[in-house]
Amino acid sequence: MKPCTAASIVSAVAVLIAAIPALSQAQPAYPTKPIRVIVPFPAGGGPDVVMRRVGNDLLQRIGQSWVIENRAGGNFVTGAEACARAAPDGYTLCYINSTQTSVNPHVMSKLPYDAEKDFKPVTNLYTLVSGVFVSAATPVNSMKEFEAWVKARPGKVNMSSHGPNTPTDIYRRWLNERWGTDMVGIGYKDGNAMIAALMAGDIHFTWIGYFNALGQVQAKKVKMLAISSARRYPGFPEVQTYTEAGIVDPPMTPWQGLAFPGNTPDVAVRRINAEINKLFSEPEFVKFMVTQGLDSLVGTPEEFAAYMRRDREIAGEIIRKFKIPKQ
């Protein structure tokens, strides 16, 4: 063996330094191409608007665009299945919600994805500031008056939902149990369709994110009887909070988050998580969130994974309570 000399050490170091650019080229920083984002809502709906805003705001930071792919329908199964079957390469990002991963596993016997294994959590995003809405023609102005109005019309009052056994439909069951009523559920694809049906007189009331009806409330075409915020909401000081209106401990808190297909590399998860957390703390984006009626829930991937597991357990308890069978 040749002795290790100062000259040989210098030569070896020089070789390593020369190799650094080559190593950098071999492993370029993520992402290197546009990211497809599967959104299980129609174009123009609230989640679609939010994801397009996020993609635009992150363009300069990550150097790549977000390509929104709307996959609505089927209790959000269509979007979740597309995500689960996508290549886990970091270039398909998925907008997921509580229906897909918390409720569906308990109510659908042939679910084409595994809610635990097929999604790699990135971050929770937000929960909706929701509201209870009736048409302007409905002769009530509070939840107490609405309860009396419903009880005076047994079997004749209906409520919109995202479909049978979704969180909005479970809310209807919960309200029926509390009030001793028999309101019927009617399914719609998204909040915009629900508000259109409300104004057309096809449904009597709905419980959805308040941003879906913001314009109609301001135009006095729809009335908001209660709102889920902890305090009376800016712009609607006359509207009672859920607690003030007697809506205590509603059964579920719908949330929206981001995940990659299972087995996606951690480098993609960490990069997107870091950028989303930064964005959601910036004043301009915070203002945007308020206008959309959204309460931020961003955090770490590990926190989101634990949150999803617990929420699935809670959903199971509620579904068993209401004896909702798998179909």
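Derivation of every value follows stated rules applied to the coordinates shown; laboratory data play no part. On a predicted model such as this, the values are computed, not experimentally measured, just so you know. Here Cβ is always computed from backbone atoms with ideal geometry, including for glycine, and neighbour counts include all displayed protein chains.
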Quiz item: Which whole-number percent is the relative contact order of the chain (Cα, under 8 Å, 6+ apart)?
Solution: 25 percent
Self-check item: Within straight-line cross-link reach of residue 33, aspartates and glutamates at Cα separation under 19 Å, skipping those fewer than 8 residues along the same chain
Solution: 57, 69, 89, 266, 275
Quiz prompt | Nitroxide proxy distance, nm - points 7 Å out along Cα→Cβ at residue 152 and residue 52 | solution = 4.3 nm
Exercise. Report the convex hull volume per residue for the range 45-181, counting only C-alpha atoms, in Å³.
Key: 149 Å³
Self-check item: Overall Cα dimensions of the chain, principal axis frame, Å, largest first
Solution: 99, 42, 29
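Which of 114, 249, 48 has the fewest other C-beta atoms within 10 Å, and how do the rest follow up to the most?
In increasing order of surrounding Cβ atoms, one gets 249, 114, 48.
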Quiz prompt | HN-Hα J in Hz across the range 203-208 - Karplus 6.51, -1.76, 1.60, θ = phi - 60°, x for Gly and Pro | solution = 10, 9, 7, 8, 10, 8
Quiz prompt | FRET efficiency estimate (nearest 0.05) - Cβ-Cβ, residue 244 to residue 277, R0 22 angstrom | solution = 0.10
Practice problem: Measure nothing but the geometry: give the 0 to 90° angle between the long axis through the Cα atoms of 301-321 and the longest principal axis through the Cα atoms of the chain, rounded to 10°. | Solution: 30 degrees
Self-check item: Relative compactness, the range 176-327, computed as alpha-carbon Rg over 2.2 N^0.38 Å
Solution: 1.24
Quiz item: Along the positive direction of the dipole of the range 130-241 (beta-carbon charges: Lys, Arg +1; Asp, Glu -1; about the Cα centre), which of 235, 222, 210 reaches farthest?
Solution: 235
Exercise. Give me Rg over Rh for the range 130-241, both radii from the alpha carbons and Rh done the Kirkwood way, two decimal places.
Key: 0.93
Quiz item: With the contact rule set at Cα under 8 Å and sequence spacing of 6 or more, what percent relative contact order holds for the range 130-241?
Solution: 37 percent
Self-check item: Burial ordering of 66, 174, fewest other beta-carbon atoms within 10 Å first
Solution: 174, 66
Self-check item: Rounded to the nearest 20 debye, dipole of the range 130-241 from Cβ charges on Lys, Arg, Asp, Glu
Solution: 180 debye
